[in-house]
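Trainee: The structure's right below; bear with me while I get my questions together.
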Amino acid sequence: MSVLKEADQQLIRLLADGQFRSGSELGEALGISRAAIWKRVQRLEEFGLALESVKGKGYRLAQPVDLIDPLSLQATLGDRAQLHYQWVTESTNADALAIEGPVSGPLVFVTECQTAGRGRRGRQWQSPFAANLYFSIRFPVSGGFAALGGLSLAVGVAVAQALQELDPPLSVTLKWPNDLQINGAKVGGVLIELAGEMDGQVDVVIGVGVNGRMTGHQARDIDQAWTDLASELADMPPRTTLAACVLSRLLEMLPHFSQHGFVAFQNDFDRYDAVRGKLVQVQSGDQMILGRAVGVLADGALRVETPDGVREVYGGEVSLRVR
């Protein structure tokens, strides 16, 4: 995995405001030569940071960088969760899964950049440096695996509510089973993984990615309609504020889910449901189901009305398309 060394981090901080800095100014601040600055600038492009170089002016980032403030974020989380923050990691879900469990309370893993971010069905989640929100929560749920039905939908509800807390008119919807959308374009996603079960408790890892402020170049490998919050919100907040708002909603939701299950969030999901009443095509393994989506059950299953009757489809390795 590529690592951002301390000098790289200092360089990003010096260039974070998007203003030009000369090579000699940067070299003096970092205690290295102008030639070494050039090498470090090139390294930053590996993390999705676009830099501009203009003779006589120096270097600047193509757009300012808004770094997350881990001290402020931990202060907001308080004793509700323990924060693990890194500039760069392969995957926050992988970091959460690597902790030896079971855990006694929520652990939150936040990063500026993922080099191997994971989406559903083995896909890579595009994770350019400081462009979006990338985090995972490891959380203990009582009741074992059977108690987890509909968790990804409840997570979606909490994230949607957090976004509308920032901008109440925001037209955010949820596409079963894992996507957040704004006006039909994907703005975020949820990945649930299981860390293991011991003594009736299962440790679950909840990965969330939300597009914050992404350039077309950074999003060039995304193969579906997408948007970001900077394009949709009336006033884009700092990423630390965004992270605090979303994480606070989730940490409020999770104990409630652990106690009551998805049924406590079913009505809220119905209000955000992007596919209800629409013709859908669901691929589950080698099985294809065509029909009209008619809502979800208390265990999170999607109900699809077909010519042969209503079918119930569960999340996991499934793909849903609106026809």
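The values are calculated or read from the model by the stated rules, or taken from the named source; none is laboratory data. All figures in this text were calculated on a predicted structure; none of them were measured in a lab. Every residue, glycine as well, gets a Cβ built from its backbone with ideal geometry; the counts of neighbours run over all protein chains shown. Just the protein is used for accessible areas: all its heavy atoms, side chains included, with ligands, DNA and RNA removed. Shrake-Rupley method; radii C 1.70, N 1.55, O 1.52, S 1.80 Å.
Trainee: I'd like the residue in segment 92-115 that is over 16 Å from V204 (Cβ atoms), of a type in the set (S, T, N, Q) and open to solvent by less than 40 Å² (accessible area, probe 1.4 Å) and, out of all such residues, is modelled with the highest pLDDT.
Mentor: It comes out as T111.
Trainee: Sticking with this one: (1) modelled with pLDDT of 90 or more; (2) closer than 26 Å to E90 by Cα; (3) surrounded by fewer than 18 Cβ atoms within 10 Å (Cβ to Cβ): which one isn't true of A225, the others all being true?
Mentor: With (1) modelled with pLDDT of 90 or more; (2) closer than 26 Å to E90 by Cα; (3) surrounded by fewer than 18 Cβ atoms within 10 Å (Cβ to Cβ) applied to A225, the lone miss is (1).
Trainee: Let me ask something else about it. Please tell me if Q86 is within 19 Å of N132 (Cα to Cα) and of a type in the set (S, T, N, Q). Steps first, answer last, please.
Mentor: On the way: within 19 Å of N132 (Cα to Cα): yes; of a type in the set (S, T, N, Q): yes.
Criteria met by Q86.
Trainee: Out of everything in segment 232-250 that is assigned to a helix (DSSP H, G or I) and open to solvent by 40 Å² or more (accessible area, probe 1.4 Å), what residue ends up being nearest to D69 (Cα to Cα)?
Mentor: Our first condition is that a residue be assigned to a helix (DSSP H, G or I); within segment 232-250, this holds for 232, 239-250.
Remaining after also requiring open to solvent by 40 Å² or more (accessible area, probe 1.4 Å): 232, 241, 249.
On the way: E232: 23, T241: 9, R249: 19 Å.
Filtering segment 232-250 for residues that are assigned to a helix (DSSP H, G or I) and open to solvent by 40 Å² or more (accessible area, probe 1.4 Å), the one nearest to D69 (Cα to Cα) comes out as T241.
Trainee: Mind checking which residues of segment 2-22 are charged (D, E, K, R), part of a helix (DSSP H, G or I) and open to solvent by 30 Å² or more (accessible area, probe 1.4 Å)?
Mentor: Listed by number, the residues that qualify are E6, R13.
For (1) over 16 Å from M253 (Cβ atoms); (2) buried (at least 19 other Cβ atoms within 10 Å of the Cβ); (3) over 13 Å from the mean Cα position of the chain (by Cα), each residue gets a yes or a no:
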{"residue": "L133", "(1), (2), (3)": "yes, yes, no"}
{"residue": "G156", "(1), (2), (3)": "no, yes, no"}
{"residue": "V159", "(1), (2), (3)": "no, yes, no"}
{"residue": "P177", "(1), (2), (3)": "yes, yes, yes"}
{"residue": "A185", "(1), (2), (3)": "yes, no, yes"}
{"residue": "G188", "(1), (2), (3)": "no, yes, no"}
{"residue": "E193", "(1), (2), (3)": "yes, no, yes"}
{"residue": "D203", "(1), (2), (3)": "yes, yes, yes"}
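Trainee: Residue by residue through segment 20-57, note down the ones that are among the β-branched types (V, I, T) and within 30 Å of E90 (Cα to Cα).
Mentor: To start, the set of residues in segment 20-57 that are among the β-branched types (V, I, T) comprises 32, 37, 41, 54.
I32, I37, V41, listed by residue number.
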